[in-house]
Amino acid sequence: MKFRRFCDTLWEIVGFTSGDARSFILKYFKDNQLLAHKLLEQLSPWSKSKDLRDLMSNPLNTTLLCLLCEDCEGSLPTSRTQLYIEIILCVLRRYEEKNELSSASDDLIKVYEKELLHLGHMAFKSLCEGELYIEENKFDCNSTVLSLLTKFGFLSVQVSQGSRRKRCVRYGFMHKSFQEFFSGFYLASNILSGELDCDTVVTDGRYLDELKQAFLFMTGIVVSRCEETAMCLVKSIGAHMNGESKLRSNLEFAFDCIEECATHKKNLQSKLLHTFGSHFEITALHLKSLPRNFEYFYEALTVNTTLTNLNLSEKAIDNSDAASLSDAIKVNTALCNLDLSDNNIGDSGAASLSDAIKVNTALTNLNLSGNCIGASGAASLSDAIKVNTALTN
């Protein structure tokens, strides 16, 4: 009734805003403001944790982040996959505490693996069908397992009017990202058990599009359990990228997968990039715009033996990029033509490239026009040309 006098006003439901989440977190940690500010710092717009900010779109997810922040004493995982694994473990621990259960193993995902795989299978099926909800009659498990899955808290129950005579019960995930995580969990299990081979999953176009995040979760889970299988996945991605028309999106997808693996274990990054580079068989690369994490490509180039033409003109390549590219050119034996025209390479970048030109024996054409190279950079290039025996243009 009190809104009646505003009948000429358009009202909008804004939902759980970032301001609401901030207020919620401060109230949750009213006795520990240090933890509150640690969490808020990781959720701030200027932090790199976009995944965390996406999660706090509703109160339930924000509560989970608060619980996880308590468990981790303020240091949340940087890997998206590990973040969700910790949230799943957090939910399962509280399920056990609430029901006064005590499992022998600390790895509750392993304890409830059978039930979680059922959930993953259904999540994957519904994701493939573009559905956010799963109808009760579509669950391929008995009522005991279904009852347990709902008690965990990953699913919400909705009753809709299926017909005039009976109601239809359906289940929805508390956030689409959980549907994607459990889909990835199901796929990872199939990959690790050998039911699904790397080539089959990599060549399925859906994983570059609507199922991309499920694939990335799968990659993160696989690498945490078997590094060799993760290497096999990256090898397949590199091999099946050859001849693809969507080269930029494919490269970005490959680098996203490598980043997810590298976040799990830092010393893996070079091994994965070398595996990718050695199986990347494109002979000419000219992109309209650079994919995310393109700096990974420079290291992959160190072992590549097929790319002969690389055009990076007008790509805002700077001195730092030139230094990374220089490291690759020092050892690369295939690249013949390199176009770096119309970029932001200055004297220090030219000096880095000069160091590579001194030892490179494959590069015959190098275009550096339209950069910011001055006298000292030209002098460095001049010294390099004196000893180089391959460069002709």
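The values are calculated or read from the model by the stated rules, or taken from the named source; none is laboratory data. Please read these numbers as outputs of a predicted model, since none were measured by experiment. Neighbour counts are summed over all protein chains in view; Cβ atoms, including those assigned to glycine, are modelled from backbone coordinates with ideal geometry. Accessible surface is based on the protein model in full, side chains and every heavy atom, while ligands, DNA and RNA are left aside. Shrake-Rupley method; radii C 1.70, N 1.55, O 1.52, S 1.80 Å.
Looking only at residues of the range 325-336 that are surrounded by fewer than 19 Cβ atoms within 10 Å (Cβ to Cβ) and touching an Asp or Glu at 6+ places or on another chain (Cβ under 9 Å), we find that the one that is nearest to residue 249 (Cα to Cα) is 327. Residue 347 falls short on exactly one of the conditions (1) at pLDDT 95 or above; (2) open to solvent by 50 Å² or more (accessible area, probe 1.4 Å); (3) closer than 23 Å to residue 283 by Cα, and that condition is (3). Summed over the range 109-140, the residues that are farther than 19 Å from residue 187 by Cα and aliphatic (A, V, I, L, M) give a count of 0. Taken over the range 41-57, the residue count meeting the criterion of being out of contact with any helix residue (DSSP H, G or I) (no Cβ under 9 Å at 6 or more places or on another chain), at pLDDT 70 or above and over 16 Å from residue 68 (Cα atoms) is 1.
A quick yes/no check of all residues on (1) open to solvent by 20 Å² or more (accessible area, probe 1.4 Å); (2) aliphatic (A, V, I, L, M); (3) more than 28 Å from residue 71 (Cβ to Cβ):
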| residue | (1), (2), (3) |
| --- | --- |
| 97 | yes, no, no |
| 101 | yes, yes, no |
| 110 | yes, no, no |
| 114 | yes, no, no |
| 118 | yes, no, no |
| 129 | yes, no, yes |
| 136 | yes, no, yes |
| 149 | no, yes, no |
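Looking only at the range 304-319, residues that are open to solvent by 30 Å² or more (accessible area, probe 1.4 Å), under 11 Å from residue 335 (Cα atoms) and assigned to a loop (DSSP other than H, G, I, E, B) come to 3 in all. Could you pull out the residue among 79, 75 that is within 25 Å of the chain's Cα centre (by Cα) and surrounded by fewer than 11 Cβ atoms within 10 Å (Cβ to Cβ)? When all the criteria are applied, what remains is 75.
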